[in-house]
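Below is one structure, written out as structure tokens; comments come after it.
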Ligand code: FES
């Protein structure tokens, strides 16, 4: 094998291994977060209460909204809906299990949406929720 072929083969192998590692890490982080996909209707998002049979937290991905909503079932049976948009510079937040973090500049928020570490200074937007039959209604207005 000449030098050129060796370098070409080595680079192809590095790319394949690198792509595999990136895909594996992406999949592992996605696998831990339940995501419910839905749509906005009449400025509301409906989520079945049955989704909370196994977990008290769900990421809601409404196709008409740019940002996800974090929906948490509280101990008293009510639901808290937070827009997962960082209040510093509008980056999508990710769940940490007991709050949210922004990978852009490092802000963190607790599960109530309060800032626990800057540079963000404002709390997350909270939406009003109500339960009608077996649906949690998130009011976006
Ligand atoms: S955009 Fe989130 S910390 Fe800057």
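Bear in mind these aren't lab numbers, they're just calculated from the coordinates by the rules spelled out. Since the model is a prediction, treat every value here as computed from it, not as a measurement. Here the Cβ is made from the backbone with ideal geometry for all residues, glycine too, and neighbour counts use every protein chain on show.
Looking at (1) within 16 Å of the ligand (Cβ to nearest atom); (2) within 23 Å of residue 137 (Cβ to Cβ), which one does residue 49 not meet, given that it meets all the others?
Unmet condition: (1).
Filter the strands (runs of 3 or more DSSP E) completely within segment 64-141 down to those with at least 1 residues that are over 26 Å from residue 53 (Cα atoms) and within 12 Å of the ligand (Cβ to nearest atom). Spell out how you get there, then give the answer.
Values: elements: 69-73, 79-83, 99-101, 108-110, 115-117, 126-132, 135-139.
Correct list: 108-110, 115-117.
Those residues that are surrounded by 12 or more Cβ atoms within 10 Å (Cβ to Cβ) and more than 18 Å from residue 68 (Cα to Cα), I need them from segment 123-134; list them, please.
130, 131
Residue 62 fails exactly one of the following numbered conditions: (1) buried (at least 19 other Cβ atoms within 10 Å of the Cβ); (2) touching a strand residue (DSSP E or B) at 6+ places or on another chain (Cβ under 7 Å); (3) over 21 Å from residue 41 (Cβ atoms). What is the number of that condition?
Only one criterion is unmet by residue 62, namely (3).
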